[in-house]
């Protein structure tokens, strides 16, 4: 079990270090109904992560890539391919990064966050979890990892829960912090939002490069 969680840790961290959902939850926490709406966003984000990992794990079993007779070479090649794809994304992020003097731009949908309620926030959180190619690649790798570990059902639940807790931690932290110390969080959230908006592409490029090498190394390790 410890070895599986160790393999899942960098994958979950990669999902956690996603600037857009962190910026989104900060914007949610700056709205009038921050507590309820932020909680809804967190539930949707965590729910999207759980749904994707479970779905990919089940797909691995159905297609023969899971623990029941999975061909190791196929899994290794798929992991290697995910790493290469992520490296391509990293190159694209770096190429399209801000030039000196440019103003950072946020997606237009973020302007509508001021008016959303808890239900729509939950939907937004789920969409951000599963509509991001980087997150999907990492959650696919997580599904393959758990399905090939030969764990009992209880072990799969523990591994999935550990992945979800880590992956959702960067969204959960500001929500829980706001619920506990509302006044102290307001100024901190505003400063953090400005920093993340400015450095969004740089953060994503670094994260993608690191995780691509993790996946490429894991894939090559299974082939050599």
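What the table below lists for this structure:
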read-out: In nm, spacing of pseudo-spin labels at residue 210 and residue 224 (7 Å Cα→C-beta vector); value: 2.3 nm
read-out: nm² value of the averaged projected area, convex hull over the Cα atoms of segment 1-59; value: 4.9 nm²
read-out: Point-to-point label distance, residue 88-residue 179, nm (Cα→Cβ direction, 7 Å offset); value: 4.1 nm
read-out: 20 Å cut-off, amide nitrogen to a point 7 angstrom out along residue 74 Cα→Cβ, residues in segment 50-64; value: 53-64
read-out: Global form of segment 160-214, assessed from the alpha-carbon gyration tensor, a/c cut-off 1.5; value: oblate
read-out: In nm, spacing of pseudo-spin labels at residue 165 and residue 131 (7 Å Cα→C-beta vector); value: 3.0 nm
read-out: Angle in degrees between helix 2-16 and the longest Cα principal axis of the chain, rounded to the nearest 10; value: 40 degrees
read-out: Residue exposure sequence - 187, 61 - by fewest surrounding Cβ within 10 Å; value: 187, 61
read-out: Residue-averaged 222 nm ellipticity for the chain, from DSSP H runs of 4+ at -39500 (n - 2.57), nearest 500; value: -27500 deg cm²/dmol
read-out: Cβ-based exposure ranking for 86, 110, 139, in which fewest neighbours within 10 Å come first; value: 110, 86, 139
read-out: Kirkwood hydrodynamic radius over Cα pairs of the chain, then Stokes diffusion coefficient at 37 °C and 0.692 mPa s, in µm²/s; value: 180 µm²/s
read-out: Packing rank of 73-83, 43-53, where each peptide gets the mean count of other beta carbons within 10 Å, highest leading; value: 43-53, 73-83
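Each reported figure results from applying straightforward, stated rules to the coordinates on display, with no laboratory input. The structure presented is a predicted model; accordingly, all values stated were derived computationally and were not measured. As a convention, Cβ positions derive from the backbone with ideal geometry for all residues, glycine included, and neighbour counts pool all protein chains shown.
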